[in-house]
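As structure tokens, the structure follows; a few thoughts come after it.
The values are calculated or read from the model by the stated rules, or taken from the named source; none is laboratory data. All of these numbers come straight from a predicted model, not from anything done at the bench. Glycine also receives a Cβ, built like all others from the backbone with ideal geometry; neighbour counts cover every protein chain displayed. For accessibility, only protein heavy atoms count, side chains too; no ligands or nucleic acids. Shrake-Rupley method; radii C 1.70, N 1.55, O 1.52, S 1.80 Å.
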Amino acid sequence: MTLSLRPGLVLQGFTPPLPLSDFRLVAFDMDSTLINIECVDEIADAAGRKAEVAAITEAAMRGEITDYKESLRRRVALLKGVPVSAMQQVFDQRLQLNPGAETLVRALQAAGLKTLLVSGGFTFFTDRIRDRLRLDYTRSNVLESADGVLTGRMLDQPWGDICDGEEKKRMLLSTCEQLGISPLQAIAVGDGANDLLMMGAAGLSVAYHAKPKVREQAMVAINDGGLDRLLEVLE
């Protein structure tokens, strides 16, 4: 059953409203979901390589490049030589929270939900978004730098090498386990193909201005308006 509740809001597989008390955790993707940009593309702009990197990003998000890790390594390699200061410029000048992001996060926090940010992007940005929104948990990738410039590589972390779709799902499930809750008590919000695994594991999956493949599989697709439109299906 597919239901268009109001213009730009498509629901499938459930009848609204859902009790907010059914949920204990919300997991967000970052780039193009919580925030308005793809950070890797904007960093690449500093190297004059935005079009090249953005084309790979777009293909990966549509699911046309199935090896997300390889696609990210290819994009990060093109960042070699970019000054670390370029990331601060991206954060200060280009990055904004998407409409309704803060409203939604605050409402879910007020209802007692824990918050998780899982991103195929970079800790430079996820740490700052975490602090701004007072999020509980994050997982993302670390860009290697030396002498003030990016090396074109990422650093391995204790949990693994790259936060891809599999790692997003694993982090969602391990956070549920840590909280002593069922994955059915989790909400997962994303926009790209690498969000589908965590969205499939959660009790409520939400696509925000997402790629067609993601919209088709999500229980809630917000196609117009802000992230806070999710509150229209919760009570």
Return the pair list, or none, for Cβ contacts closer than 6 Å from residues in the stretch 47-66 that are in contact (Cβ under 8 Å) with a residue 24 or more places away in the chain to residues that are among the basic types (K, R), at least 6 apart or on different chains. V53/R75; M61/K211; R62/K211; G63/K213
When the residues of the stretch 109-127 are narrowed to those that are assigned to a strand (DSSP E or B) and among the hydroxyl-bearing types (S, T, Y), which ends up surrounded by the most Cβ atoms within 10 Å (Cβ to Cβ)? S119
Elements of type strands (runs of 3 or more DSSP E) in the stretch 1-101, at least 3 residues being open to solvent by 10 Å² or more (accessible area, probe 1.4 Å), out of contact with any Pro (no Cβ under 9 Å at 6 or more places or on another chain) and more than 27 Å from D131 (Cα to Cα): 2-6
For the stretch 106-156, what are the residues that are touching a Ser or Thr at 6+ places or on another chain (Cβ under 8 Å), aliphatic (A, V, I, L, M) and without any contact (Cβ under 8 Å) to a residue 24 or more places away in the chain? V142
D164 passes all but one of the listed conditions (1) touching a residue at least 60 places away in the same chain (Cβ under 8 Å); (2) closer than 16 Å to I37 by Cα; (3) among the charged types (D, E, K, R); the exception is number (2)
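Go through the stretch 57-90 and give me each residue that's among the hydrophobic types (A, V, I, L, M, F, W, C) and within 20 Å of the chain's Cα centre (by Cα).
Answer for the stretch 57-90, where residues must be among the hydrophobic types (A, V, I, L, M, F, W, C) and within 20 Å of the chain's Cα centre (by Cα): A59, A60, M61, I65, L72, V76, M87, V90.
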With respect to the numbered conditions (1) touching a helix residue (DSSP H, G or I) at 6+ places or on another chain (Cβ under 7 Å); (2) more than 18 Å from Y208 (Cα to Cα), which one is the sole condition not fulfilled by A47? (1)
Out of all the residues in the stretch 61-82, is one or more under 18 Å from M199 (Cα atoms), at pLDDT 95 or above and touching a Lys or Arg at 6+ places or on another chain (Cβ under 7 Å)? no
